[in-house]
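Below: the structure, in structure tokens.
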Amino acid sequence: MSESSSAAHEALMQFLYQAPIGLVQTTLDGEITMINPMSAQLLMPLARNGDLSNLFDVLRESAPQLRDQAAAAPYPGGDVCDGLRVSVGPPRVGDEIPPTLSIRLLRLDSHMLMCSVTDITASLRLERQHVAAEVRDASRTDSLTGMPNRIVVLERIEHALQLARMNPDHHFAVLFINGDRFNRVNVTLGPAAGDELLRTMAARVNAAVRQRDKVVLNAPDDQMAGRLGVDEFVVVLEEVHSPDVAAMVAQRLVNSLCRPYTIGGVLVHSSASVGVALSLGSAADADAVLQDASLAMREAKRLGGARYCVFEPQMKERAWRRASLESELRLAVQDGQLFVVYQPITHLDDGRVAGFEALVRWQHPQRGVVSPIEFIEIAEETGLIGPLGAYVLNSACRQFRAVAKKV
């Protein structure tokens, strides 16, 4: 061997022995002819009695098929295995990932094999952490719009509450947004159109909140928009120095969400109602704050929609009274507490009776006669208007028949 060839060989051996990955050269039967220190260190936990003379014997329990695969592999450069994962022991204390090696084995020629050995434990740990993070993010993100979901919204409100408890000068606002008559789009154009409308609404909510007004927000993380479900969205504003700031953002949202939408090539007119709950005198926890904002939103709907309302304590009392009245009205329909009165319809010229208008009344067992002004609107909102109408029609027909028999 010439001096230059000898120097090159020496340089190659130095490289192999100092390489940051494990390298092993074996015969076709697995007898090791060269192994660098990294390979010896990585494979030693698998070697019985510390014997590293034969690679196939070292890997027998993990990959008993390697010997046959090596004999069958094409050459030169044929893969015997690539990315074979081999566990070299139980996980360390506090770690879920066991020490793991990745083995790649090539057939160099008719007699020789080359194996690379890599410790992939850290990579597997990062991979698992990445998957866990993706799962965690998926559980906190609305799949349709990509917005934060209810979990994140409640966390953000709770965070704002904690800051307000520590600092009386820290004020925030929660805006509860609900589409007006969203179901109409689902029914007339289909669920796919409804989903497209929701995505467009989400984009408009995000755009409205991101607009920078020097009097509104100081930093990008002072606001957050999320989706609660179906056509319900929430905006949390922090560092709100005046109720006028929340009102301005609420009106901006109303204006943006009331602009026409183009859904599947069809022009769709929709709107939204917004309820605003301010931190001044706010409830004790995030759910209660969200409920206050929801009550204000319902008040906006009751006033015709396409507007915003700021929460007031009286809204809770009205909501409780309406809920109680709804429950009692359902019982009234079942228990026969309703009755019908008739109002004549007359000709103005001669006073002749042209017919009668049948009107429903409610004889409450404790409250006496309840005005229809109090319960008709509730019946319309809850779907009880159908049973009420059927009762009036049946009663009128029965009474007309009874009168006709007497005549």
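Only the coordinates and a few stated rules stand behind these numbers; no lab work does. Bear in mind that the values here come from a model prediction, so they are computed numbers and not experimental data. All Cβ positions, glycine included, derive from the backbone under ideal geometry; neighbour counts span all protein chains shown.
Quick notes
- Taking the three principal axes of the alpha carbon atoms in the range 3-124, the coordinate ranges are 54, 32, 28 Å, sorted in descending order.
- Note, ³J(HN,Hα) from phi for the range 195-209, Karplus 6.51, -1.76, 1.60, rounded to Hz, x at Gly and Pro: 5, 5, 5, 5, 5, 5, 4, 4, 5, 5, 4, 4, 5, 5, 6
- Ranking of Lys316, Lys405, Lys301 by neighbouring Cβ atoms within 10 Å, starting from the fewest: Lys405, Lys316, Lys301.
- Semi-axes of the equivalent ellipsoid of the range 143-312 are 27, 15, 15 Å, computed as sqrt(5λ) over the eigenvalues of the C-alpha gyration tensor in descending order.
- In the range 322-406, the ratio of gyration radius to Kirkwood radius, Rg to Rh, stands at 1.05 when only Cα atoms are counted.
- Relative contact order, percent, the chain [alpha-carbon distance under 8 Å, six or more residues apart]: 9
- Relative contact order for the range 22-114, counting Cα pairs under 8 Å that sit 6 or more residues apart, in percent: 27
- Rh (Kirkwood; distinct C-alpha pairs) - the chain, Å: 29.0
- Considering helices alone, the calculated mean residue ellipticity of the chain at 222 nm is -14500 deg cm²/dmol, with DSSP H runs of length four and up weighted by -39500 (n - 2.57) and normalised per residue.
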